[in-house]
Amino acid sequence: MRVMRLEALQKNLKKKQFSGYLITNLNNIYYFTGFQDVPGATLALLVSMDDPSILLTPPLSYVAAQEQAENCVVQQYPERGKYESKIKRIVQDWKAKVIGFDDLSISHYLNLTQILKPIRFIPDQDIIWELRRIKNKKEIELMKRAAELTDLGANVGMEAIEVGIREYEVAAEIEYAMRQRGSEGTAFETVVASGPRSAYPHGVSTDRILKKGDFIVLDLGARYKGYRCDITRTVVVGKPTSNQTRILGLLMEAQEEAFQAIREGVKARTVDMVARKIIETEGFGKQFIHGLGHGVGLDIHEPPYLSSKSVDVLERGNVVTDEPGIYLQMGGARIEDTVLVHKTEGERLTKAHYFEW
Ligand SMILES: [Mn+2]
């Protein structure tokens, strides 16, 4: 399976007339080799047209990479300063003119350009996203497991909510429950945003104490074998006001209508527009301050993007979020599910119930 990915990448390189490609993004390295290193590790996967690919690792990662990485030869660089000179030696063997890359830091880019003159380094991530945005059967299985763990976290979070406890206590309950069943940490920083803080779309969690009448936005996700998931539920502590009921009802309608529009071949911006129109008609257009959704996979935000400016078209095997939100001074609300795109419909991977009010 991963061999096929590498071959597909090489085909794309040929089309774009690159002599080779330099991968440093750890999720991309995992995607092509099956080897997942710790965040912050400095690795490089060098993919050429003809020679076997080479995975370059620091000594700390070398043994694990040798055991786990498929479809490549693993080599180590002895110390931090030797990383670029090792890349230089490999690339010179390719007799390359133009090399594509996914994610070089500016300093690595400048150094490599300098020491490998006249070879040109060209950033091109599309070449990889073209592959990664379509999930295969195995990836979908992993994402469904991540979704089950995410649902569990959402349910535990909703049940934990009560007057008098702090946001971080709810976050801790959510994360413990997911981790205890096999989530690798979280897909992203857990959001428990209450009262006025619910107006921050990425409000993480603080020591604020939950009060009666607060909107509470729970935005969370699990991670399983590298694959992430994303869910948001908004609940009210105690009895909601008619205004809160109205906003939550409107979001549910917008989210459901957009969900019904999801299928292969539909423009991502059309799906965004379906939800946006419903919210605009009720006068909250200006308070829906972000795009409707984003792709999810090894990254929590990845192509395709569902927004009014997106040029993406949905394809079978995309996994995207559907998450309209309304953010008012008094507090905000958002409802989100992660959805798998099929030929004629979408499939909600997250299924945690909506709070009843
Ligand atoms: Mn999201």
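Every number in this text was worked out from the coordinates using simple rules, so none of it is lab data. As the structure is a computational prediction, the values presented were derived from the model and not from experiment. Note that we place each Cβ from the backbone using ideal geometry, even for glycine, and neighbour counts take in every protein chain shown.
Relative to the longest principal axis of the Cα atoms of the chain, the long axis of helix 268-281 makes an angle of roughly 20 degrees. How many percent of DSSP beta bridges within the chain run antiparallel, rounded to 5? Once the DSSP bridges in the chain are tallied, antiparallel ones form about 75 percent. With contributions of -39500 (n - 2.57) from each DSSP H run of at least four residues, the per-residue ellipticity at 222 nm computed over the chain stands at -12000 deg cm²/dmol.
Checking every one of the GluC sites (Glu not before Pro) in the range 32-134 against DSSP loop status and a limit of 10 other Cβ atoms within 10 Å picks out 79. Label zone of residue 344 (point 7 Å out along Cα→Cβ, amide N under 19 Å): in the range 288-318 this covers 314-318. Reported value for the chain: 143 Å³ per residue, from the convex hull of its C-alpha atoms. Under the simplified labelling scheme, the residue 113-residue 134 pair shows an inter-label distance of 3.4 nm, with each label point 7 Å from Cα along Cα→Cβ.
Peptides 12-19, 295-302, ordered by how many other C-beta atoms sit within 10 Å of their residues on average, highest first, read 295-302, 12-19.
Peptides 215-225, 257-267 ordered by packing proxy, namely the average of other Cβ atoms within 10 Å per residue, highest first: 215-225, 257-267. Placing dummy labels 7 Å off each Cα toward the beta-carbon, the span from residue 125 to residue 315 is 1.7 nm. Note on residue 42 and residue 94: the model spin-label points, each 7 Å out from Cα along the C-beta direction, lie 1.9 nm apart.
Give me the net charge for the shell around residue 140: Cβ to Cβ below 11 angstrom, other residues only, Lys and Arg +1, Asp and Glu -1.
In short, +3.
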